[in-house]
Amino acid sequence: MRCPTFLKQEAVIKDLAYRINRAQGVSEKAGIAEEMQKEVAVLLSCLDYDEKKEECGNCRLIANVREKTAGLIIRTRKLG
């Protein structure tokens, strides 16, 4: 994608995903996942979003999947 907002957030989100995968405990993973949700929210609240653009639709789809994934990780804290 060529969107500057997506490219900026993508780098940050990928780093957070890497950190989640490397984290040792559920609590540590959940804390990083909370950071990820904040970064994903930037994409979900993008002021340049245009539902007619395929690129925006793809971005929104990816962001929603990541938001749900982060939410699942956070919920595991309650189980652990």
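Here is the figure for the stretch 60-80: residues that are in contact with an Asp or Glu (Cβ under 9 Å, 6 or more places away or on another chain), closer than 19 Å to PRO4 by Cβ and not charged (D, E, K, R) total 1.
Scanning the stretch 18-34 for residues that are over 21 Å from LEU79 (Cβ atoms) and small (Gly, Ala, Ser) yields no hits at all. Taken over the stretch 40-80, the criterion of being modelled with pLDDT of 95 or more, in a helix (DSSP H, G or I), of a type outside the set (A, V, I, L, M) and in contact with a Ser or Thr (Cβ under 9 Å, 6 or more places away or on another chain) is satisfied by CYS59 alone. Filtering the stretch 35-64 to residues that are within 23 Å of THR76 (Cα to Cα) and surrounded by 15 or more Cβ atoms within 10 Å (Cβ to Cβ) leaves GLU35, MET36, GLN37, GLU39, VAL40, ILE62, ALA63.
Regarding VAL12, is this residue within 15 Å of the chain's Cα centre (by Cα) and of a type in the set (A, V, I, L, M, F, W, C)? Steps first, answer last, please.
Values: within 15 Å of the chain's Cα centre (by Cα): yes; of a type in the set (A, V, I, L, M, F, W, C): yes.
It is true that VAL12 is within 15 Å of the chain's Cα centre (by Cα) and of a type in the set (A, V, I, L, M, F, W, C).
Among the residues of the stretch 16-31, those that are surrounded by 14 or more Cβ atoms within 10 Å (Cβ to Cβ) and more than 17 Å from VAL65 (Cβ to Cβ) comprise ARG19, ALA23, VAL26, GLU28, LYS29, ALA30, GLY31. Among residues of the stretch 40-69 that are over 12 Å from GLN9 (Cβ atoms), those with a beta-carbon under 6 Å from a residue that is of a type in the set (D, E, K, R) at least six positions away or on a different chain give the pairs CYS56/ASP50. Within the stretch 1-14, the set of residues being surrounded by 14 or more Cβ atoms within 10 Å (Cβ to Cβ) and closer than 17 Å to GLU67 by Cβ comprises THR5, PHE6, GLN9, GLU10, VAL12, ILE13.
The values are calculated or read from the model by the stated rules, or taken from the named source; none is laboratory data. Everything numeric here is computed off the predicted structure, so don't read it as measured data. Neighbour counts run over all protein chains shown; Cβ positions are idealised from the backbone, glycine included.
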